[in-house]
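Structure, as structure tokens:
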Amino acid sequence: MKKILKVIYILTLFTFVSLTIFISYFTIKGYNMYKEALGKKTIKEMANEIQALENFSKIDELPDIYIDAVISVEDHRFYKHKGIDYIAISRALIHDIKNKDFSEGGSTITQQLAKNVYFSQEKKIERKIAEVFMAHKIEKELDKDEILELYLSTSYYGDGYYTVKEASIGYFGKEPINLTDAESIMLAGIPNAPSIYAPTNNFELAKQRQRQVLKKMVEYNYISKEKMNEILETKVNIVN
């Protein structure tokens with residue numbers, strides 16, 4: 001019995017030490033990646049660069065229902081966390097372990113902004129850690145509305161559109177503030193998978209995604225079920 005306990009103790013200790021080394025190694029690599037990226041461009045420089053874009057949009061130039069839709073489907077605790085949503089990360093981790101597909105990352109809007117402007121889309125552990133460091137830094141220097149504006153002007157909407165204004169004009173032929181509720185919801189769902197949900201690629205899939213976004217909005221009490229059904233029945237016209 002003592003021998004068995006000793007073996008268990010040694011194995012446990014070995015696992016703990018190995019895990020500590022593993023975490024430390026990638027944390028250091030991620031931190032160095034974060035510092036290198038920040039050394040090339042500060043948060044303020046990044047923000048100024050994006051805000052200077054011709055198609056940059058301020059929050060007050062976007063429909064309220066569009067903002068609600070983005071928050072609902074991308075990061076419903078956006079205005080409550082400080083860059084990292086540990087509840088979402090834990091839930092995503094459990095999902096990934098169960099399904100063995102690692103399809104969910106639990107990234108916040110701030111993390112997605114960090115990835116969009118500072119790092120590649122490559123799925124590496126050190127990049128994810130660097131993204132966390134950068135998200136904390138972004139939250140320290142910018143307010144929530146600024147972060148959301150920057151995110152919406154650095155996300156890909158398909159068909160070569162990289163800002164919400166470009167996508168609004170490109171898909172619907174109008175400025176974002178003039179979007180209908182149905183158009184706003186459809187647009188909010190595209191960045192999750194632009195090649196799939198761009199309405200010019202497959203309108204039926206875009207409608208399915210619109211329904212998913214609406215369900216999230218109902219779940220988080222942004223709209224009623226009656227409003228959801230009303231929007232689903234509204235015709236959406238694509239201009240190209």
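Arrange the peptides 214-226, 59-71, 157-169 so that the one whose residues have, on average, the most other Cβ atoms within 10 Å appears first.
Ranking the peptides 214-226, 59-71, 157-169 by packing returns 157-169, 59-71, 214-226.
Rounded to the nearest 10 degrees, the angle from helix 125-141 to the longest Cα principal axis of the chain is 60 degrees. Checked against a 27 Å cut-off, the cross-linked pairs LYS35/LYS123; LYS82/LYS207; LYS82/LYS115; LYS58/LYS216; LYS124/LYS215; LYS40/LYS216 give Cα-Cα distances beyond that limit for LYS82/LYS207; LYS124/LYS215; LYS40/LYS216. When the Cα atoms of the chain are aligned to their principal axes, the ranges along those axes come out at 73, 42, 31 Å in descending order. For the stretch 107-143, applying the loop criterion from DSSP together with a ceiling of 12 other beta carbons within 10 Å to the trypsin sites (Lys or Arg not before Pro) yields LYS123. For the Cα atoms of the chain, what angle does the longest principal axis make with the long axis of helix 86-99, in degrees from 0 to 90, nearest 10? Long axis of 86-99 versus the principal axis of the chain: about 80 degrees. The magnitude of the dipole of the chain, with charges of +1 and -1 set on the Cβ of Lys/Arg and Asp/Glu and taken from the Cα centre, is near 1680 debye. Across the chain, Cα pairs under 8 Å and at least six residues apart give a relative contact order of 22 percent.
Maximal additional length on extending the LYS227-GLU204 stretch stands at 6.2 nm, based on 0.36 nm per residue less the C-alpha distance.
Read the figures in this text as sums done on the coordinates, not as results from a lab. Here the structure is a predicted model, which is why all the values come from computation and not from measurement. Reconstructed Cβ throughout: ideal geometry from the backbone, glycine too, with neighbour counts over all protein chains shown.
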